[in-house]
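Since the structure comes first, as structure tokens, the remarks are kept for the end.
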Amino acid sequence: MKKAYIETYGCQMNVNDTEVIFAILAKEGYVRTEVMEEADLVMANTCSVRDNAEQRIWGRIEVFNQARRKHPGMLIGIVGCMAERLKDQLLETKKVDLVVGPDAYRSLPRLLQAITPDNPQIDVLLSRDETYADITPVRTDRNGISAFISIMRGCNNVCSYCVVPYTRGAERSRDPHSIVREACDVYQRGYKEVTLLGQNVDSYLWKSGTESVNFAALLRLVAAVAPDLRVRFATSHPKDISDEVIETMAEWPNICRHIHLPVQSGSSRMLEKMRRKYDREWYLERVAKIRSVMPDCGLTTDVIAGFCSETEQDHQETLSLMEEVGFDWAFMFAYSERPGTLAARQYPDDVSPEEKNRRLNEIIALQNRKSLERYRAQIGKELEVLVEGPSKRDPSQLCGRAGNNMMCVFPAQGRQAGTYTTVTVVDCTSATLICK
Ligand code: SAH
Ligand code: SF4
Ligand code: F3S
């Protein structure tokens with residue numbers, strides 16, 4: 001029996017892709033190991049979204065090669081977005097045997113067969129229709145409670161800073177029947193939560209004959225699988241999130257009231273330059289709509305500091321938007337120029353690294369303050385929590401997420417992982433609700 005070890009970087013879609021890869025490898029007789037040194041095949045499923053994501057991987061390639069010295073015959077593969085973007089450069093290092101892009105995982109068995117010491121193998125073809133719909137992922141989550149399901153691949157937007165459309169190809173939606181089947185399957189195996197994944201879930205659209213399923217309809221289909229199967233999704237795009245989706249969330253108690261709605265910037269001038277296809281007012285209107293329909297809805301975002309030509313004024317507008325909306329949580333990044341993107345070709349990366357960092361730090365400080373405010377506002381409330389398991393900090397306590405995605409910690413008192421429980425919030429930090 002051969003063993004495969006895969007490290008996963010980047011987004012949740014990559015986590016699910018790794019599970020698809022394990023399923024493909026299983027047919028070739030590979031079992032999963034979490035110990036690199038004992039593996040016959042070592043891979044990194046990579047991300048290209050920022051330069052530092054790629055820098056990390058060059059370091060990992062060295063580490064894999066060190067492990068190979070103690071385990072001759074070990075195969076080393078780089079798969080995912082960085083494989084797609086830096087194919088030849090990766091092969092030129094002569095330190096990898098395998099380079100496979102996100103749409104080519106079905107070729108893995110053939111490529112593995114063909115590898116010889118002087119013959120590394122590569123497949124980085126992008127596809128118009130690959131969705132791996134028929135492949136049942138080998139779940140890699142730790143507790144058997146929460147599963148990721150990819151509902152689409154690729155992206156048709158052309159946000160000027162973003163490399164994803166180049167590494168993942170054109171957008172395509174997966175057959176809804178296969179999605180519902182997968183949700184039923186994980187539910188029968190004891191899972192209590194599914195997260196539907198796509199770069200822009202609101203543009204999900206499946207058409208076949210007279211049948212047409214949009215994202216709101218897909219949400220209803222998955223929510224109907226079982227009343228005690230929670231449904232989450234990511235990522236929503238502000239230009240596309242529809243009233244129908246918001247109202248569907250409100251109607252179904254098992255669709256979690258949390259929306260990850262990346263804003264990127266609070267300046268309409270920057271948003272235009274980023275080609276996000278909405279402006280500040282549009283974004284604030286969508287937030288107002290969400291909160292009017294679901295006042296308790298959790299709201300998180302992504303922010304980029306120091307995009308091309310960003311002025312102090314633009315930066316202040318980002319801060320004021322964050323102040324106004326009050327996100328529960330945010331992923332915050334300094335702009336990182338990606339070769340080949342529209343911004344790299346057309347706009348100078350002209351905000352200095354020091355200035356980017358100063359702005360990023362202000363954004364982070366503001367968000368920390370806002371997170372604490374948002375978490376504090378929960379004190380006294382009763383929340384329904386899906387118990388995930390022991391708390392990391394204090395194993396005598398349990399942890400689990402509320403519908404709004406906030407992490408709760410509470411006394412075990414005989415509660416079991418994978419069950420629902422109602423807790424009362426008594427205290428908090430800026431990232432955890434302390435409950436009884
Ligand atoms: N599809 C999602 C986001 C995918 S990438 C969306 O449209 O919102 C995840 C996040 O990485 C983005 O929201 C953005 O905030 C950040 N990001 C993408 N490209 C970046 C770049 N070149 N520099 C810095 N951050 C970037
Ligand atoms: Fe990138 Fe924009 Fe597509 Fe998101 S929507 S993946 S930011 S191009
Ligand atoms: Fe990274 Fe590719 Fe995801 S670039 S964020 S792993 S789609």
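The values are calculated or read from the model by the stated rules, or taken from the named source; none is laboratory data. Computed from a predicted model, the values in this text were never measured in an experiment. Note that we place each Cβ from the backbone using ideal geometry, even for glycine, and neighbour counts take in every protein chain shown. Surface areas here come from the heavy atoms of the whole protein model, side chains and all, with no ligands, DNA or RNA. Shrake-Rupley method; radii C 1.70, N 1.55, O 1.52, S 1.80 Å.
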Condition met for L284 (in contact (Cβ under 8 Å) with a residue 12 or more places away in the chain and within 28 Å of P165 (Cβ to Cβ)): yes
Quick check on my filter: what residues within region 106-163 are touching a Pro at 6+ places or on another chain (Cβ under 9 Å) and acidic (D, E)? E130
Region 187-208, residues that are open to solvent by 40 Å² or more (accessible area, probe 1.4 Å) and either in a helix (DSSP H, G or I) or within 16 Å of ligand 3 (Cβ to nearest atom) (or both): Y187, Q188, Q199
Do you know which residues across region 247-266 are under 20 Å from Y283 (Cα atoms), within 20 Å of the chain's Cα centre (by Cα) and part of a loop (DSSP other than H, G, I, E, B)? R257, L261, P262, V263, S265
Collect the residues in region 107-137 that are surrounded by fewer than 17 Cβ atoms within 10 Å (Cβ to Cβ), assigned to a loop (DSSP other than H, G, I, E, B) and among the β-branched types (V, I, T), keeping them in residue-number order. I115, T136
Is at least one residue of region 358-381 part of a helix (DSSP H, G or I) and among the hydroxyl-bearing types (S, T, Y)? yes
Does C184 qualify as being in contact (Cβ under 8 Å) with a residue 40 or more places away in the chain, open to solvent by 20 Å² or more (accessible area, probe 1.4 Å) and more than 15 Å from ligand 3 (Cβ to nearest atom)? yes
Could you check, for region 363-383, whether at least one of its residues is closer than 29 Å to M82 by Cβ and either of a type outside the set (S, T, N, Q) or surrounded by fewer than 16 Cβ atoms within 10 Å (Cβ to Cβ) (or both)? yes
Identify, by number, the condition in (1) crowded, with 20+ Cβ neighbours inside 10 Å; (2) within 16 Å of ligand 2 (Cβ to nearest atom); (3) of a type outside the set (S, T, N, Q) that A147 doesn't meet. (2)
Among residues of region 159-200 being hydrophobic (A, V, I, L, M, F, W, C) and away from ligand 1 (no atom under 11 Å from the Cβ), the residue nearest to T235 (Cα to Cα) is L196
All helices (runs of 4 or more DSSP H) inside region 1-106 with 3 or more residues being surrounded by fewer than 24 Cβ atoms within 10 Å (Cβ to Cβ): 12-26, 51-70, 87-92
R338 vs (1) within 16 Å of ligand 3 (Cβ to nearest atom); (2) basic (K, R); (3) surrounded by fewer than 18 Cβ atoms within 10 Å (Cβ to Cβ): all pass except (3)
If you go through region 209-246, how many residues are modelled with pLDDT of 95 or more and part of a loop (DSSP other than H, G, I, E, B)? 14
